[in-house]
């Protein structure tokens, strides 16, 4: 029998981690207006995110076993929280690039660390189900986060949504 509580926790963590990517799509027009950016420059922020994310995937995959998988996941989420907290006060385009790079770096620690945790938690016979259910958190994030952001913008300015 597959235990569902750990899988639910892992699913929530993946949902939150993936939401670091999906939260910006509905906010990008507001960021463009706030910083007087073109679409190209605003899209360039995702390049900084992707570079940080990709680099961290390579490094974390090699060293997470030494650091500890759970510790790596926790440190990544602390980094994500700090970046989202800092995004409230950023006013310059270059500062946004730095924070997007750091956000990518922090969120890139999750996937190489959670897969060993999943495979340690569940028997080999359940790996396909556990990993498949875990991965559905990304799809739910892609669908739900833009809706939640649109709803949240009715009550908070876009910079305050990062705290939520």
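The values are calculated or read from the model by the stated rules, or taken from the named source; none is laboratory data. Just so it is clear, the model here is predicted, and its values are computed rather than measured. Quick reminder, even Gly has a Cβ in these numbers, built from the backbone with ideal geometry, and neighbours come from all protein chains shown.
Restricted to the stretch 72-89, and to residues there that are over 14 Å from residue 105 (Cβ atoms) and loosely packed, with under 13 Cβ neighbours inside 10 Å, the residue that is modelled with the lowest pLDDT is 89. I'd like the full set of residues that are buried (at least 16 other Cβ atoms within 10 Å of the Cβ), in a helix (DSSP H, G or I) and touching a residue at least 40 places away in the same chain (Cβ under 8 Å), limited to the stretch 31-42. If the condition is that a residue be buried (at least 16 other Cβ atoms within 10 Å of the Cβ), in a helix (DSSP H, G or I) and touching a residue at least 40 places away in the same chain (Cβ under 8 Å), then 31, 35 are the ones that fit. Would you check if residue 131 is in a helix (DSSP H, G or I), buried (at least 16 other Cβ atoms within 10 Å of the Cβ) and without any contact (Cβ under 8 Å) to a residue 40 or more places away in the chain? Yes: the conditions hold for residue 131. Looking for something closer than 17 Å to residue 162 by Cβ, free of Cβ contacts under 8 Å to residues at least 12 places away in the same chain and either in contact with a helix residue (DSSP H, G or I) (Cβ under 9 Å, 6 or more places away or on another chain) or crowded, with 21+ Cβ neighbours inside 10 Å (or both) - is there at least one such residue anywhere in the stretch 106-117? So far as the stretch 106-117 goes, no, none of its residues is closer than 17 Å to residue 162 by Cβ, free of Cβ contacts under 8 Å to residues at least 12 places away in the same chain and either in contact with a helix residue (DSSP H, G or I) (Cβ under 9 Å, 6 or more places away or on another chain) or crowded, with 21+ Cβ neighbours inside 10 Å (or both). In a residue-by-residue description of the stretch 10-23, the property of being under 24 Å from residue 130 (Cα atoms), at pLDDT 95 or above and surrounded by fewer than 16 Cβ atoms within 10 Å (Cβ to Cβ) applies to at least one position. Residues that are surrounded by 13 or more Cβ atoms within 10 Å (Cβ to Cβ), in contact (Cβ under 8 Å) with a residue 12 or more places away in the chain and not in a helix (DSSP H, G or I) are absent from the stretch 43-52.
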